[in-house]
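Some notes on the structure that comes next.
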Amino acid sequence: MGKKPYYITTAIAYTSKTPHIGNTYEAVLTDSIARFKRLSGYDVFFLTGTDEHGQKIQLQAEEEGITPKELVDKIAGEVRSIWDFMNTSYDKFIRTTDADHEDIVARIFKKLYDQGDIYKGSYEGWYCTPCESFFTESQVIEGACPDCGSQVQKASEEAYFFKLSKYEKRLMQHIEDNPDFIQPESRKNEMVNNFIKQGLQDLCVSRTTFNWGIPVTFDNQHVIYVWIDALSNYITALGYNPNGESGELFNRYWPADVHLIGKDILRFHTIYWPIMLMALEVELPKKVFGHPWLMVGADKMSKSKGNVIYAKELVDHFGVDAVRYYVLHEMPFAQDGTLTYELIIARINSDLANILGNLVNRTVAMVHKYFDGVILAPSKPEEIDQELIEIALALKDKVERKMDDLKVADAMDEIWHLLRRSNKYIDETCPWILAKDESNKERLATVLYNLIESIRIASVLLSAFMPETAEKIQKQINAKNLSLESLETFNGTVVGNKVGTAEVLFVRIDEKKKLEEIFNENQGKNPSVKQAEETLDNVEDTILIDDFAKINIKVGEIVACEKVKGSDKLLVSKVNIGNETRQIVSGIAKNYTPDELIAKKVLVITNLKPVKLRGVMSEGMLLAAADEAGNLKLATVDGEISTGSIVK
């Protein structure tokens, strides 16, 4: 019996400009799911590519004094280059200027026309060039596009229309019969209530005022307009034939398991696309997932705001896998994520350098130091081992469940739970103390085997998200068993193997120096860098502790923590409060270790006047409760809620 097929796609990137990190996130997200499905034994086909026709591209090419083809060749090359250096494992990169795509789209248009689903008419309304969309008078907001806010232009022209209204009830029935068809749930509700139930208007599918598009074969004054062209890529890439038997790839992979797209183009993928497929009598995709946006601080990336960040500049500063980790881990399932340089640095220092890198480095170093690099059999177990082993053995199923639900950030959290527990296990077992007594040699060997095996299990799962790092880890521990099935038992590390050389996976970053470096490179133009530079200067509405009744309290997430030098009581934490990251000093070192605090959702007073404690600036306060016996517990949040939420 062959492998079960799994077909996953990104939206195709529009070739009017180089994609920023928010666009790149989609390719990395899709790649992580594709890699995990391959690891799980699926026959995966991962499609991505570029959308290359339209008036916007023709106008831009004219402005640059080049042909539209020269423009799209340049941008498509840049897109593919970015996807490649971000290590995305796509199986096909389609371009809508590919000859076979253009041919199939023209035949799809003709088929829909011949069967009466496309008809000729005229259009008069408001046109948005950036969105390439028409709007009625009631939809336009003060002369601006309701989707992107750009100024719209009055347009009137002959056009062909696609009968969306004919399939409205059938689409609604499909959504009701298939509750997972549109995800997340909030996006489905938006599509149903704001669009389908309001009544669907027939869709303009051709234009005559420009010629950069696929010609209508039976009417050479018209070119096929946007959505029939762009959306069809998901089936033209597989060799769909509207007039006969489709190709082997189409029969093997269609229907798509999931279209992964930005939430801003959900309407086109959940209304236009399924109706088009219904008209063609082609099975609908199983799921359309509208992922949230990656914001810069609290703002959407925009050239007009000067806050666009590109993948290459992030990779130049932090490396591919650090950037992959950040964008995958920091994006919630259904809410927008936040990107700041300050928060990236905090994640690298805490999650990557400290929790992951330090664990691997010191474990491999101890095997070298105590056993000449040889992994010995675990011959002397103790009760303290059991919790670590149970967490390691449960990890595969937990990650699989999260990935089946497309909850990638949650899946990564499960892996980091094992890594944190492994670090704690080192502190509990104290291998350096065991090594001082020859009679403890078997126990020491058992402890180190358990650590190497836990690292192996984590690395196999990590390969979907950070493939280069996973490979480096596996080389350092000389892992041989790398299948998902090998994670079902705690004995996949081969006894007698020699570990490789202990190498640093991630170097801790000096935040101040790195921010200055980035700020200088950007010449002060990027607001996310300015914010980091001006954090202390722009604290508004500060109050003293006596004004407690006026406090502002937000939900924060601790992303990094360490002891304050020279103090037994103080810890300094980096706390993400939604649109920024604060540094907060707290007298809780006797109650919590730094590792225990990572990822905790806490309550933060955000408008206290900044103060220095032991020479370290503190920009807020963590709320906690203490009893008469001196027991102290931080006030944490029960259940899922986004950072930055206001406590009322």
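The values are calculated or read from the model by the stated rules, or taken from the named source; none is laboratory data. Bear in mind that the values here come from a model prediction, so they are computed numbers and not experimental data. Positions of Cβ are generated from backbone atoms using ideal geometry, with glycine treated the same way; all protein chains shown enter the neighbour counts.
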Legend entry - Evaluation of TYR90 against (1) aromatic (Phe, Trp, Tyr); (2) in a loop (DSSP other than H, G, I, E, B); (3) closer than 29 Å to TYR160 by Cβ (one fails), failing number: (3)
Legend entry - Scope segment 18-39; condition touching a helix residue (DSSP H, G or I) at 6+ places or on another chain (Cβ under 7 Å) and either outside any helix (DSSP H, G or I) or surrounded by fewer than 20 Cβ atoms within 10 Å (Cβ to Cβ) (or both); matching residues: THR18, PRO19
Inset, instruction - Return a yes/no flag: does segment 184-204 have any residue that is buried (at least 21 other Cβ atoms within 10 Å of the Cβ), assigned to a helix (DSSP H, G or I) and in contact with an Asp or Glu (Cβ under 7 Å, 6 or more places away or on another chain). - result: no
Inset, instruction - Look through ILE545, ILE473 and report the one residue that is of a type outside the set (Asp, Glu), at pLDDT below 90 and either farther than 27 Å from GLU390 by Cα or in the same structural domain as TYR370 (by TED's automatic domain parsing) (or both). - result: ILE545
Inset, instruction - Filter segment 633-646 down to residues that are aliphatic (A, V, I, L, M) and modelled with pLDDT of 85 or more and give me whichever is surrounded by the most Cβ atoms within 10 Å (Cβ to Cβ). - result: LEU634
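Here is a yes/no grid of residues against (1) among the basic types (Lys, Arg); (2) at pLDDT 95 or above:
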site	(1), (2)
LEU164	no, yes
ASN178	no, yes
GLN183	no, no
ARG187	yes, no
GLU190	no, no
LYS197	yes, no
Legend entry - Subset of segment 95-144 that is among the basic types (Lys, Arg) and either over 18 Å from THR208 (Cβ atoms) or in a helix (DSSP H, G or I) (or both) - its residue that is nearest to the chain's Cα centre (by Cα): ARG95
Inset, instruction - Identify the single condition in (1) out of contact with any Phe, Trp or Tyr (no Cβ under 9 Å at 6 or more places or on another chain); (2) crowded, with 22+ Cβ neighbours inside 10 Å; (3) in a helix (DSSP H, G or I) that LYS402 does not satisfy, given that it satisfies every other one. - result: (2)
Inset, instruction - Could you tell me which numbered condition GLU383 fails, if it satisfies all but one of (1) farther than 27 Å from LYS287 by Cβ; (2) within 32 Å of the chain's Cα centre (by Cα); (3) outside any helix (DSSP H, G or I)? - result: (2)
